[in-house]
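Single-structure report; data block below.
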Amino acid sequence: MRIPDISFRQIRYFVCTAELGQISMAAQELNITQSAITISIKDLESKLNLQLFVRASKRMILTEAGKQFLGNCYDMLSTLERSQHLHNTSNDISGELKIGASYTVLGYYLPAHLQHLQNMYPNVKFKIFEMARTQIEQQLLDEKLDISVLLSSNVNHPELQVKTFLESSRTLWVSSNHPLLTKEQVDYQDIVNEPYIMLNVDEAHLTTQKHWQMYGASPNIFVETSSVEAVRSMVANGSGICILSNAVYRPWSLEGKRINRIKLTTPVPTMDLGVAWKAGKKPNRLQKLFSDYFLRKLEH
């Protein structure tokens with residue numbers, strides 16, 4: 001059986017287009033030309049002998065084959081990421097590391113990385129504690145936690161050493177048939193009267209109020225919830241809109257309905273992820289091992 005000659009670049013272009021639903025937005029996200037993505041996807045479809053997208057007005061809609069291939073791409077990317085860390089495996093490092101993590105980080109970012117770290121350092125016991133930022137800060141200061149992974153954009157404590165490793169853009173989430181998708185540009189004045197689905201975990205509601213105040217307005221709150229899945233479902237069903245980080249974005253709701261993203265004209269502050277530990281003390285071997293794993297991502 002002949003295996004198609006598919007490049008990692010083609011997979012990246014396909015995944016980005018599938019998640020964003022527009023070649024123009026994918027081009028902005030990847031900082032390349034739209035034509036480069038168009039050519040790449042056409043070549044990918046030709047090599048696979050599959051139609052991955054239905055081309056609609058300003059939209060790229062996944063076919064059933066495209067949805068299946070997207071799942072395969074996620075598996076391939078996950079495997080590749082794990083392979084990048086194989087050379088770091090070490091059996092001579094042991095001990096216990098107590099890690100604090102906030103809700104968003106633990107739910108949408110940390111699990112896969114914890115598995116990588118456990119594979120790399122099988123003799124290290126990683127103990128994870130989910131708690132609010134204020135609790136994490138206090139337990140770091142009291143040395144009940146060794147280190148934490150949290151939303152560093154929310155941290156402003158002089159006694160903590162904080163290093164950001166990921167800046168995640170915030171975009172507007174809307175249903176697949178929302179009228180705003182037909183507009184060339186969308187900004188706060190276009191959404192001020194739209195019913196707003198407010199997420200209220202990890203201080204998301206406070207951050208939301210702040211960036212709306214920067215514009216000089218307030219969201220028209222329809223409902224507040226602590227569930228990202230509830231936000232996803234309500235947005236996909238057309239009950240309202242939301243501005244959230246790309247780090248928690250998934251293109252489909254639990255009911256299988258599409259969620260689209262729109263980049264607002266006015267810049268929205270990023271949601272930053274980082275590691276934090278008590279300042280004034282030299283990190284021990286395990287703290288440095290853990291922090292360096294994430295901070296290496298700044299190099300890519």
- Message: Classify segment 218-267 from the C-alpha gyration tensor, please: rounded if a/c falls under 1.5, else prolate or oblate depending on whether a/b exceeds b/c.
- Response: oblate
- Message: Quick query: amide H of Trp252 versus all other amide H atoms, modeled in the peptide plane; which residues come in under 5 Å with a sequence gap of 5 or more or a different chain?
- Response: Ile259
- Task: Run the accessible area of segment 137-182 with a 1.4 Å probe and give the carbon-and-sulfur part as a rounded percent.
- Result: 38 percent
- Query: Using modelled amide H (1.01 Å from N, peptide plane; none on Pro or chain starts), what sits under 5 Å from the amide H of Leu166, excluding residues fewer than 5 places away?
  - Reply: Leu273
- FRET efficiency for Phe126 and Ile32, using Cβ-Cβ distance with R0 set to 45 Å, rounded to 0.05: 0.75
- Using a basic spin-label model with each label point 7 Å from the Cα along Cα→Cβ, how many nm lie between Asn193 and Ala279? 4.8 nm
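Label segment 94-188 by shape, choosing from rounded, prolate and oblate, from the square roots a ≥ b ≥ c of the eigenvalues of the Cα gyration tensor; if a/c is under 1.5 it is rounded, and otherwise prolate applies when a/b is larger than b/c, oblate when it is not.
Working: a/c = 3.26, a/b = 1.88, b/c = 1.73.
It comes out prolate by the Cα gyration axes.
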- Item | Euclidean distance of C-alpha centroids, segment 223-300 and segment 60-78, integer Å | 21 Å
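Report, in listed order, any pair from Lys47/Lys183; Lys125/Lys163; Lys127/Lys210 with a Cα-Cα distance greater than 26 Å. Numbers along the way, then the final one.
Working: Lys47/Lys183 34 Å; Lys125/Lys163 23 Å; Lys127/Lys210 34 Å.
Lys47/Lys183; Lys127/Lys210, as the Cα separations exceed 26 Å there.
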- Quick one: Karplus J couplings for segment 264-279, per residue in order, coefficients 6.51, -1.76, 1.60, θ = phi - 60°, nearest Hz, x for Gly and Pro? 6, 5, 6, x, 9, x, 6, 9, 9, 10, x, 9, 9, 8, 5, 6
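What whole-number value in Å² describes the accessible area per residue of segment 118-239 for a 1.4 Å probe? Each step should come with its number before you reach the end.
Numbers: 6040 Å² over 122 residues.
Ligands and nucleic acids excluded, the result is 49 Å² per residue.
Hey, any idea what % of segment 7-55's accessible area is carbon plus sulfur with a 1.4 Å probe?
On the way: 1200 of 2490 Å².
So the carbon and sulfur contribution to the accessible surface is 48 percent.
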- Item | Calculated from backbone phi, Karplus (6.51, -1.76, 1.60) coupling profile of segment 282-294 in Hz, x at Gly/Pro | 5, x, 6, 4, 6, 4, 5, 4, 5, 5, 5, 4, 7
- Only one of the listed values, [x] -0.47, -0.58, -0.69, -1.15; [y] -0.41, -0.52, -0.64, -1.26; [z] -0.36, -0.46, -0.57, -1.32, was derived from the coordinates as log10 I(q)/I(0) by the Debye sum over Cα atoms at q = 0.08, 0.09, 0.10, 0.15 Å⁻¹; which label is it? [y]
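How large is the helix-only mean residue ellipticity at 222 nm for the chain, computed as the sum of -39500 (n - 2.57) over DSSP H runs with n ≥ 4, divided by its residue count, in deg cm²/dmol to the nearest 500?
Working: 11 runs with 118 residues, N = 300.
Calculated at 222 nm, the ellipticity per residue is -12000 deg cm²/dmol.
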- Phi-derived 3J(HN,Hα) across segment 206-218 with the Karplus relation (6.51, -1.76, 1.60, θ = phi - 60°), rounded Hz, x for Gly and Pro, is 5, 4, 4, 4, 5, 6, 5, 5, 4, 7, x, 8, 10
- Message: Just to be sure I understand: of the beta bridges DSSP finds with both ends in the chain, what percent are antiparallel, rounded to 5?
- Response: 60 percent
- Cα gyration tensor shape of segment 165-262, rounded if a/c is under 1.5, else prolate or oblate by comparing a/b with b/c: rounded
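The values are calculated or read from the model by the stated rules, or taken from the named source; none is laboratory data. Treat the numbers as computed from the prediction; the structure is a model and nothing was measured. No Cβ is skipped: glycine too gets one built from the backbone with ideal geometry, and neighbour counts run over all protein chains shown. All accessible areas refer to the heavy atoms of the entire protein, side chains included, with ligands and DNA or RNA removed. Shrake-Rupley method; radii C 1.70, N 1.55, O 1.52, S 1.80 Å.
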